[in-house]
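The values are calculated or read from the model by the stated rules, or taken from the named source; none is laboratory data. Small disclaimer: the values here were computed from a predicted structure and weren't measured. Neighbour counts are summed over all protein chains in view; Cβ atoms, including those assigned to glycine, are modelled from backbone coordinates with ideal geometry. For the accessible areas, the whole protein counts, side chains as well, though only heavy atoms, and no ligand, DNA or RNA atoms are used. Shrake-Rupley method; radii C 1.70, N 1.55, O 1.52, S 1.80 Å.
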Amino acid sequence: MKLLAEAVEAVLPNGLRIVLAQEPGAEVAEIRLALPFATRPELAAPMELLAACLLRGTSELGERAVVDRASELGAELSVTRDSEALLVAASTLSTQLPEAIRLLATVVRQAAYPGRELDRVVEAMVSRERSGPRAAAYRQLLRHRYGRHPLTAEPASAEDLLAVTTEDLRRLHAQAIVPSGAVLLILGPLPADTALAQAVQVFGDWTGTASGLRLPPLAGTGNTGRLTLPAAAGTPTLVLTAGPGLPTGDPRHPALHLANLILGGSGSSRLVRRIRERLGLAYRVQSSLEETGAGGWTTVEAVTGPGNGSRTAGELAACMARFADEGPTADEVGAAKRLARGFAATGLATRAEIASAATGFVLRGLPPDWLNRYLSRVDLLSTAEVTAAARRHFDPAAHATVVADELSDPSEQHSPSGDAS
């Protein structure tokens with residue numbers, strides 16, 4: 001698999017980074033515009049609402065007119081948001097690519113946030129549960145390990161959402177929806193020079209200074225130890241850990257990736273075989289690698305029955321300790337290499353997935369074809385390198401743990417020394 005190996009990059013004077021990937025003969029083209037949009041606790045409500053309302057009309061086009069125009073072009077527009085970026089995506093018939101670029105630019109640059117649309121969005125949001133038990137436990141875990149940070153902030157309350165006005169969204173738009181630091185990716189049949197001319201025509205006069213909406217670094221090496229949280233009676237118990245990680249651009253990350261696959265990142269992993277299949281102790285168990293612009297961390301998670309939290313945490317720690325002490329076998333490393341390639345191929349099976357992934361790479365300062373080089377590095381890894389990654393990143397003594405379980409005795413709830421919650 002070759003991911004955008006021949007992409008062309010350019011940076012406009014206004015700071016917009018453009019990635020152009022020609023795909024002759026493609027019937028569907030992809031456009032992605034990614035903007036730094038890192039979580040700010042004091043802006044939680046307007047940031048959530050801006051993402052929800054961005055495509056709901058301009059000063060000249062109402063929401064229905066935007067939808068009708070997209071339909072005429074055979075296009076679909078969408079907005080997604082995570083803890084550090086806003087991604088505007090468009091898929092369109094390749095014959096309509098220039099017009100789709102123009103439509104995307106119009107709705108992004110001229111978003112009006114009409115009051116009636118804002119009211120509808122707020123009404124829908126406040127009627128839903130704002131945060132589930134897993135999300136709440138995960139915030140507590142990160143706060144326990146790293147202290148106060150935008151990633152650990154509570155979501156906007158219903159009262160906060162109801163207080164947001166159209167003017168609030170327009171002010172945030174002026175700050176955040178700017179070219180400096182943004183990435184525009186176009187994957188389609190147009191030659192690079194033609195696609196660049198189209199992009200310059202609609203984005204070249206876009207102005208605005210860098211928003212500053214980027215996450216601050218996570219604090220130091222982080223706290224460890226266990227934090228016990230009360231869970232509602234009869235609900236599944238959650239065991240979550242957070243330990244040291246790496247950014248994907250780090251040359252040691254491929255070894256960590258394989259170590260994660262072996263420990264708990266696949267259906268045949270050690271954690272699945274022991275905790276779920278042999279002991280029957282968890283409905284779900286896995287390990288994963290997490291990353292934002294603030295830093296990277298490793299996680300291990302298990303969902304078990306009420307009252308099983310302490311035992312499950314102990315079994316997870318024992319399995320992690322053995323893996324950290326002994327490392328993987330050569331056969332496990334070979335199988336993990338095959339899994340890594342297979343997951344990459346299935347996870348990036350469509351043009352839409354390729355376009356979104358490559359845009360994310362570029363937004364983090366990596367080349368659009370970074371995955372090709374990454375997988376080549378994976379193929380060359382030795383068992384010793386994966387063993388070193390297991391020891392460094394999955395030693396349970398280096399992990400903070402949160403157990404959200406029914407408490408038979410209220411005194412069981414505690415916050416160890418060093419917890420900043």
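For segment 304-318, the condition holds for at least one residue, the condition being that it is in a strand (DSSP E or B) and either without any contact (Cβ under 8 Å) to a residue 24 or more places away in the chain or buried (at least 20 other Cβ atoms within 10 Å of the Cβ) (or both).
In segment 343-375, how many are within 24 Å of Glu27 (Cα to Cα), open to solvent by less than 30 Å² (accessible area, probe 1.4 Å) and of a type in the set (Ser, Thr, Tyr)? Count: 1.
Restricting the first member to segment 283-301 and to residues that are on the phi > 0 side of the Ramachandran plot, and the second to residues that are at pLDDT 95 or above and among the small types (Gly, Ala, Ser), the beta-carbon pairs closer than 9 Å and six or more apart or on different chains are Gly295/Gly245.
So which helices (runs of 4 or more DSSP H) are wholly in segment 143-203 and hold at least 2 residues that are over 18 Å from Glu84 (Cβ atoms) and open to solvent by less than 10 Å² (accessible area, probe 1.4 Å)?
Helices (runs of 4 or more DSSP H) meeting the threshold: 192-203.
Residues of segment 242-260 that are touching a Leu at 6+ places or on another chain (Cβ under 7 Å) and closer than 19 Å to Ala136 by Cα: Ala242 alone.
If we keep just the residues of segment 69-113 that are assigned to a helix (DSSP H, G or I) and among the β-branched types (Val, Ile, Thr), which is nearest to Pro150 (Cα to Cα)?
Let us first name the residues in segment 69-113 that are assigned to a helix (DSSP H, G or I), namely 69-72, 94-109.
Within this subset, residues satisfying the condition of being among the β-branched types (Val, Ile, Thr) are 95, 101, 106-108.
On the way: Thr95: 43, Ile101: 33, Thr106: 31, Val107: 29, Val108: 26 Å.
Top of the filtered list is Val108.
Scanning segment 4-38 for residues that are farther than 23 Å from Gln201 by Cα and surrounded by 22 or more Cβ atoms within 10 Å (Cβ to Cβ) yields Leu4, Phe37, Ala38. Look at segment 30-44: where a residue is closer than 19 Å to Val164 by Cβ and a partner is part of a strand (DSSP E or B) and modelled with pLDDT of 95 or more, sitting 6+ places away or on another chain with Cβ atoms under 8 Å, you get Phe37/Arg81; Phe37/Ala85; Phe37/Leu86; Ala38/Ala85.
Could you check segment 372-389 and list, in sequence order, the residues that are under 15 Å from Lys337 (Cβ atoms) and of a type outside the set (Val, Ile, Thr)?
Quick first cut of segment 372-389, residues under 15 Å from Lys337 (Cβ atoms) only: 374-387, 389.
Hits for segment 372-389 are Tyr374, Leu375, Ser376, Arg377, Asp379, Leu380, Leu381, Ser382, Ala384, Glu385, Ala389.
Of the residues Leu118, Leu86, Leu77, which is free of Cβ contacts under 8 Å to residues at least 60 places away in the same chain and on the phi < 0 side of the Ramachandran plot? Reasoning before the result, please.
Working: Leu118 fails: free of Cβ contacts under 8 Å to residues at least 60 places away in the same chain; Leu86 fails: free of Cβ contacts under 8 Å to residues at least 60 places away in the same chain.
Within the list Leu118, Leu86, Leu77, the selection yields Leu77.
Considering every residue within segment 262-270, establish whether at least one is among the basic types (Lys, Arg), modelled with pLDDT of 95 or more and in a helix (DSSP H, G or I). Within segment 262-270 (the criterion being among the basic types (Lys, Arg), modelled with pLDDT of 95 or more and in a helix (DSSP H, G or I)), the answer is yes, since at least one residue qualifies. Pick out the one residue from Glu30, Glu60, Glu6, Glu48 that is more than 25 Å from Leu366 (Cβ to Cβ) and either touching a strand residue (DSSP E or B) at 6+ places or on another chain (Cβ under 8 Å) or not in a loop (DSSP other than H, G, I, E, B) (or both). One residue alone meets the criteria, Glu48. Of all residues in segment 122-131, those satisfying the criterion of being over 18 Å from the mean Cα position of the chain (by Cα) and surrounded by fewer than 19 Cβ atoms within 10 Å (Cβ to Cβ) are Glu123, Ala124, Met125, Val126, Ser127, Arg128, Glu129, Arg130.
Asp379 meets each of the listed conditions (1) surrounded by 15 or more Cβ atoms within 10 Å (Cβ to Cβ); (2) among the acidic types (Asp, Glu); (3) free of Cβ contacts under 8 Å to residues at least 60 places away in the same chain apart from (1).
Against the numbered list (1) in a helix (DSSP H, G or I); (2) among the hydroxyl-bearing types (Ser, Thr, Tyr); (3) surrounded by 19 or more Cβ atoms within 10 Å (Cβ to Cβ), Ser211 comes up short only at (1).
Report yes if some residue within segment 251-266 is loosely packed, with under 14 Cβ neighbours inside 10 Å, of a type outside the set (Lys, Arg) and in contact (Cβ under 8 Å) with a residue 40 or more places away in the chain; otherwise report no. Within segment 251-266, one or more residues are loosely packed, with under 14 Cβ neighbours inside 10 Å, of a type outside the set (Lys, Arg) and in contact (Cβ under 8 Å) with a residue 40 or more places away in the chain.
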